[in-house]
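Shown next, in structure tokens, is the structure this report addresses.
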């Protein structure tokens with residue numbers, strides 16, 4: 001695992017196979033299941049496969065992906081934040097999810113702001129998207145506070161529900 005960047009309270013680093021317990025917990029939280037979906041991760045072996053086949057693969061293929069958000073004070077993983085390339089969008093989108101005990105403490109905003117700065121300075125992407133369900137009010141607030149602008153809605157291929165589509169220019 002490699003630390004990519006830090007904030008006053010957080011480190012954002014790459015995933016490792018040893019993050020299996022954290023992934024098992026995060027992907028089965030009520031908010032993940034409601035707003036992102038059931039990935040059928042039920043065991044540590046499932047979590048390790050998910051890390052290897054999804055998260056680590058993205059680093060190799062794209063040079064970026066989702067990163068573990070670690071609380072510096074305890075060195076414990078509390079969430080994920082990063083970039084996802086979707087076939088139906090021409091630029092990556094910002095995604096994030098946090099454990100329930102880490103919600104409402106400003107960690108998501110802090111991680112998102114640092115991710116935007118890293119994306120601008122290190123990856124040199126001109127803009128990013130973000131997508132979220134229309135009833136995910138916390139994500140909508142975070143995206144708006146982070147400088148994203150609502151562009152409208154989008155119906156991803158194979159999905160039954162339209163998602164809110166946001167974007168942000170990164171000033172390049």
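Bear in mind that the values in this text are calculations on the coordinates, not laboratory data. Quantities reported herein were computed from a predicted structural model and do not represent experimental measurements. Backbone-built Cβ (ideal geometry, glycine too); neighbour counts: all protein chains shown.
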Are any residues in the stretch 156-168 surrounded by 12 or more Cβ atoms within 10 Å (Cβ to Cβ) and more than 19 Å from residue 110 (Cβ to Cβ), and if so, which ones?
156, 162, 163, 164, 165, 167
Flag if residue 109 is within 12 Å of the chain's Cα centre (by Cα), touching a residue at least 12 places away in the same chain (Cβ under 8 Å), surrounded by fewer than 20 Cβ atoms within 10 Å (Cβ to Cβ) and within 22 Å of residue 6 (Cβ to Cβ)
yes
Of the residues 67, 32, which single one is assigned to a helix (DSSP H, G or I), surrounded by 16 or more Cβ atoms within 10 Å (Cβ to Cβ), touching a residue at least 12 places away in the same chain (Cβ under 8 Å) and in contact with a strand residue (DSSP E or B) (Cβ under 6 Å, 6 or more places away or on another chain)?
32
When you go through 23, 41 one by one, which is the residue that is touching a helix residue (DSSP H, G or I) at 6+ places or on another chain (Cβ under 7 Å) and in a helix (DSSP H, G or I)?
23
So residue 6 passes all but one of these: (1) closer than 30 Å to residue 135 by Cα; (2) surrounded by 13 or more Cβ atoms within 10 Å (Cβ to Cβ); (3) in contact (Cβ under 8 Å) with a residue 40 or more places away in the chain. Which condition number does it fail?
(1)
Yes/no for residue 61 being in a helix (DSSP H, G or I), within 30 Å of residue 162 (Cβ to Cβ) and touching a residue at least 24 places away in the same chain (Cβ under 8 Å)
no
Inside the stretch 85-106, can you point out the residues that are touching a residue at least 24 places away in the same chain (Cβ under 8 Å), assigned to a helix (DSSP H, G or I), in contact with a strand residue (DSSP E or B) (Cβ under 9 Å, 6 or more places away or on another chain) and over 16 Å from residue 11 (Cα atoms)?
none
